[in-house]
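Beneath this line is the structure, given in structure tokens, with notes to follow.
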Amino acid sequence: MAQGKLAIKARIRSVDSTKKITKAMQLVASSKLKKQKQYMEENREYAHYLKETVSDILMALKDSKHPYLQRHEGKAVTIVFTSDMGLCGGYNANVLRKLEKEIGNEDDMIMIGTRGVNWIKNRDFHVIKEEMDLEDECYNELAVIADELLMQYRNQEIGSIRILYTKFINSVSFEPDYVTLLPIEEVAHQGDAYERDTDFEPSGNQILDTLIPMYVRSLLYSYYLQTKTSEQASRRMA
């Protein structure tokens, strides 16, 4: 009987200790989520206006033969964002399930995140690049990846650049999403507000030489920040 009471007391102490640890983990995750969300929102606003600007310019350059605007056959390259750490619920599982069931192994893959790199090693996918342990301030690393892909697209070595990331909706809702960076999807505008003559200085094609790479780099980084924010939200919930 005494041994039974001692076992119960030990169990209670163990549960209390676990509660303290998980409470501390939740507080840390909440703090990181708040910081990450603020950073993401600031960047997402910039990305939104950049997207609108590019859309306006492309509407005025419908007939441009610029290499970045040409559609051609070729293999797609998909950049997949996963986490480097665990303890974030079904966050990684949802991304990798979408990759396996909906996208398949037809694309060349760039895996970003330790969890995705380890998952794909023994599977039938063609991985052309791996990146792990990126920090929040990793714009330069992502820009290098973007520039390499842009060069391949311009040289018609690949047919499209895509991203599989986790879209942040709110602090309790986020879902894997699959988007195309190049070729740029046509944006429908309402009314005639965008049907106007536009003068470019320098020329429209020269602007695209700078603008399209800026667009691809910035959106790649913006999707990365959404993914990291979703990861912290998932970790807090877990």
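The values are calculated or read from the model by the stated rules, or taken from the named source; none is laboratory data. The shown structure was predicted, so the numbers you read here are calculated from the model rather than taken from an experiment. Positions of Cβ are backbone-derived with ideal geometry, glycine not excepted, and every protein chain shown enters the neighbour counts. With ligands, DNA and RNA removed, areas are computed over all heavy atoms of the protein, side chains included. Shrake-Rupley method; radii C 1.70, N 1.55, O 1.52, S 1.80 Å.
Starting from the amide H of Val127, placed 1.01 Å from N in the peptide plane, find each other amide H under 5 Å away whose residue is 5 or more places distant or on another chain.
Residues meeting the criterion, in which the H sits 1.01 Å from N, are Met109.
Beyond 18 Å between alpha-carbons counts as too far, so tell me which of Lys75/Lys129; Lys98/Lys129; Lys37/Lys167; Lys129/Lys228; Lys51/Lys129 fall in that bin.
Lys98/Lys129; Lys129/Lys228; Lys51/Lys129
Check each of the trypsin sites (Lys or Arg not before Pro) in segment 45-105 and keep only those in coil by DSSP with at most 15 other C-beta atoms within 10 angstrom; list them in order. Spell out each step's value before the answer.
Working: sites: Lys51, Lys62, Lys65, Arg71, Lys75, Arg97, Lys98, Lys101; in loops: Lys62, Lys65, Arg71, Lys75.
Passing sites in segment 45-105 are Lys62, Lys65, Arg71, Lys75.
How much of the accessible area of segment 82-143, in percent, comes from carbon and sulfur atoms when a 1.4 Å probe is used? If you can, show how the numbers build up before the last one.
Working: 1420 of 3440 Å².
The value for segment 82-143 is 41 percent carbon and sulfur by accessible area.
Got the relative contact order for segment 110-151 handy, in percent, Cα pairs under 8 Å and 6 or more residues apart?
RCO, segment 110-151: 42 percent.
Show me, for segment 129-145, the HN-Hα J-couplings you get by feeding each phi into the Karplus relation (A = 6.51, B = -1.76, C = 1.60, θ = phi - 60°), rounded to Hz, glycine and proline as x.
Each residue's phi maps through the Karplus curve to give 7, 10, 9, 9, 6, 6, 8, 4, 7, 10, 4, 4, 5, 5, 5, 4, 4 Hz.
Using only the alpha carbons of segment 123-166, determine the length spanned along each of the three principal axes and report them from longest to shortest in whole angstroms.
For segment 123-166, the Cα extents along the three principal axes come out at 32, 28, 18 Å.
What are the ³J(HN,Hα) couplings of segment 73-82, residue after residue, when phi is run through the Karplus curve with 6.51, -1.76, 1.60 and θ = phi - 60°? Round to Hz, x for glycine and proline.
Whole-Hz 3J(HN,Hα) from phi for segment 73-82: 6, x, 6, 7, 10, 10, 8, 10, 9, 10.
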